[in-house]
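A.B. asks: I have a structure I would like to understand better, so I am pasting it below and will then ask my questions one at a time.
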Amino acid sequence: LTLVGIVLGTTALVVMVSVIGGLAEAVQSGLDDLGFDGVVFAVPRAATDRIELKKQGYSRGMRAADGRVIEAGRETIDQAAPVLGLGNETVRMNGRTLKALVEGVTPEWGRIRNRVPEVGRYLVESDVETRATVALLGQKIKKDVFGDEEAIGREILIRGMRFRIVGILKKFGNNQVNDGEMERDNSKIYIPLTTAQKYFVGTDTVHAWAFKADPEKMGDAQKEAEALMRRSHRGISDFKIENIGQEILRVRREIDKLIVNWNIVLASIAGISLLVGGIGIFSVMQISISERTYEIGLRKSIGATDPEIFGQFLLESVSLSLVGGLVGAGLGYGITLLAGQAFPDGLPVSPLGLVLAAGFAIVIGLAAGVYPALRASRLTPVEAIRAG
């Protein structure tokens, strides 16, 4: 019973640090998968100004040629990439005919949106330059159609045109962060932008531009993107800028604050348990000294010094606390492994949690044992033997 407080406190510490750390990592990883960090989008819209409506014919709309103006004028923006959505196309693969979302993209699009292949490769510059008939599959559509079969190198038909699969993208999202956009990305087929333009739409049109910048400079990036697009569109505002990166930055900061608050609450619970455990050890040591005064007097009468008596009882206190800490760390380890089943990649036991558990157990043992040990060391041999 003396060790219950220490056991519960150290168990709470190990579980708290591991679970909160694992949860925070999973949430941040899910936000990474969204691919919106530092990203500003330009998407088409109808001009609303009366004068611009009359001049709308001067703008050719959103197109890949906007890239020339963007590359020449960008300063805050690090990268820019267009995307062309073809919508639901009839696709035949592995003997099945189905409808699938197809997008024309570039290598820069993958870098901006954090789109990483799990198997094979992403698109490269030569694919875009040569209008190659190659394709990337999202993780879900690959699993649905090919299952565990090898898909790299296989051919698929998109609107009757043959494409060779060169890569399978990693799965986006997890149990903590997942939305409809991620599910759609996991089910999409990606082909080179120029291939999509030549064989499917026949024009230079694109459906959006993505701009990547430092997440701390999203305001400047938004202004620059707007100025560059307006310049390319001859002053016509037939587009709008969506600063999604700024919203993601705000969400990340809120999550960081939430994690800190959780840590404070759970650390307080663990601290109270450890304090109770420390009081228990203090009480037991006080009782132990009262019952062992004869032993103390006898040891002193045959030559034991005050520091030796002090060290003996302090070591007993620390040993008691450390045993409780080890038991608590073991329980915390087991609970963490059980909790890890809720995470796709498991939940590693935090070394920091184990170190904190052992450290706090030693500190509590020292704090609870100092006064009783000091009291024992100050007993005189005669008084101690008489009291015993």
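A short reminder: the numbers here are calculations on the coordinates, not readings from a lab. Every value quoted in this text rests on a predicted model; they were computed, and no experiment measured them. Here Cβ is always computed from backbone atoms with ideal geometry, including for glycine, and neighbour counts include all displayed protein chains.
A.B. asks: Mind listing the long-range amide H neighbours of residue 63? Cut-off is under 5 Å, sequence gap 5 or more, other chains count too, H placed in the peptide plane at 1.01 Å from N.
C.D. replies: HN-HN under 5 Å from residue 63: 206.
A.B. asks: Let me ask another. Hydropathy first: keep DSSP H helices in the chain averaging at least 0.0 on Kyte-Doolittle, then drop any whose Cα extent along the axis falls short of 15 Å, and list what survives.
C.D. replies: Numbers: long enough: 4-34 (44 Å, 1.47); 218-232 (21 Å, -1.01); 244-291 (70 Å, 0.95); 306-339 (49 Å, 1.13); 351-377 (37 Å, 1.65).
The answer, listed by residue number, is 4-34, 244-291, 306-339, 351-377.
A.B. asks: Choose one of 351, 301, 289: the residue whose Cα lies farthest towards the positive end of the charge dipole of the chain (beta-carbon charges +1 Lys, Arg; -1 Asp, Glu; about the Cα centre).
C.D. replies: It is 351, whose Cα lies furthest towards the positive end.
A.B. asks: Here is a further query. Please name whichever of 260, 17, 321 sits farthest to the positive end of the charge dipole of the chain, dipole taken about the Cα centre and charges placed at Cβ: Lys and Arg +1, Asp and Glu -1.
C.D. replies: 260
A.B. asks: Would you work out the charge dipole size for the range 188-301 about its Cα centre, treating the Cβ of every Lys and Arg as +1 and the Cβ of every Asp and Glu as -1, and quote it to the nearest 20 debye? Could you put the intermediate results ahead of the total?
C.D. replies: Working: 16 positive and 13 negative charges, 27 e Å.
So the dipole magnitude of the range 188-301 works out to roughly 120 debye.
A.B. asks: Further, regarding this structure: Name the residues whose placed amide hydrogens come within less than 5 Å of the amide hydrogen of residue 102, ignoring near sequence neighbours (fewer than 5 apart) on the same chain.
C.D. replies: 86, 87, 89, 189
A.B. asks: Report ³J(HN,Hα) in whole Hz for each residue of the range 98-115, in order, from the Karplus equation J = 6.51 cos²θ - 1.76 cosθ + 1.60 where θ = phi - 60°; Gly and Pro get x.
C.D. replies: Those phi angles translate into 8, 9, 9, 6, 10, 10, x, 9, 10, x, 5, 4, x, 5, 5, 8, 6, 9 Hz.
A.B. asks: Sticking with this one: Please list, ordered by chain and number, the residues whose modelled amide H lies under 5 Å from the amide H of residue 2; skip anything fewer than 5 residues away on the same chain.
C.D. replies: none
A.B. asks: Around residue 220, what is the net charge, scoring Lys/Arg as +1 and Asp/Glu as -1 over all other residues with Cβ under 14 Å from its Cβ?
C.D. replies: Values: positive: 74, 212, 217, 223; negative: 75, 78, 214, 216, 224, 226.
Net of charged neighbours comes to -2.
A.B. asks: Compute, for the chain, the length of the dipole vector about the Cα centre, with Cβ point charges of +1 (Lys, Arg) and -1 (Asp, Glu) only. Units Debye, rounded to 20. Don't jump to the answer; show the numbers that get you there.
C.D. replies: On the way: 45 positive and 44 negative charges, 216 e Å.
Charge dipole, the chain, about its Cα centre: 1040 debye, nearest 20.
A.B. asks: Further question: So if I take the centroid of the Cα atoms in the range 349-381 and the same for the range 84-141, what is the distance between those two points in Å?
C.D. replies: Using only Cα atoms to place each centre, the spacing works out to 61 Å.
A.B. asks: Here is a further query. Any of 142/198; 140/223; 217/257; 188/257; 188/240 with alpha carbons more than 28 Å apart? Name them for me. Don't skip to the answer; put the middle values down first.
C.D. replies: Working: 142/198 26 Å; 140/223 37 Å; 217/257 21 Å; 188/257 35 Å; 188/240 25 Å.
With Cα atoms farther than 28 Å apart: 140/223; 188/257.
A.B. asks: Find which of 161, 360, 27 sits farthest along the positive direction of the dipole of the chain, computed with +1 on the beta-carbon of Lys and Arg, -1 on that of Asp and Glu, about the Cα centre.
C.D. replies: Value computed over the given set: 161.
A.B. asks: Still on this structure, please answer the following. Of all GluC sites (Glu not before Pro) in the range 101-151, which ones are in loop regions per DSSP and have a Cβ with at most 10 other Cβ atoms within 10 Å? It would help to have the intermediate numbers written out before the result.
C.D. replies: Details: sites: 103, 108, 118, 125, 129, 149, 150; in loops: 149, 150.
Those that pass, being in a loop and sparsely packed, are 149, 150.
A.B. asks: Kirkwood hydrodynamic radius of the range 253-388 from all distinct Cα pairs, in Å?
C.D. replies: Numbers: mean 1/r = 0.0580 Å⁻¹.
Evaluated on the range 253-388, it is 17.2 Å.
A.B. asks: Here's a follow-up. Once label points are set 7 Å from the Cα along Cα→Cβ at both residue 370 and residue 119, what is their separation, rounded to one decimal in nm?
C.D. replies: For the pair residue 370/residue 119, the computed spacing is 6.2 nm.
A.B. asks: Something else: Excluding residue 187 itself, calculate the net charge of residues whose Cβ lies under 12 Å from the Cβ of residue 187, where each Lys or Arg counts +1 and each Asp or Glu counts -1. If you can, show how the numbers build up before the last one.
C.D. replies: On the way: positive: 99, 140, 142, 143, 171, 184, 188; negative: 103, 144, 181, 183, 185.
Charge balance in the 12 Å sphere: +2.
A.B. asks: What percent does the relative contact order of the chain come to when contacts are Cα pairs within less than 8 Å and at least six residues apart? Numbers along the way, then the final one.
C.D. replies: Values: 735 pairs, mean separation 118.3, N = 388.
That works out to 30 percent.
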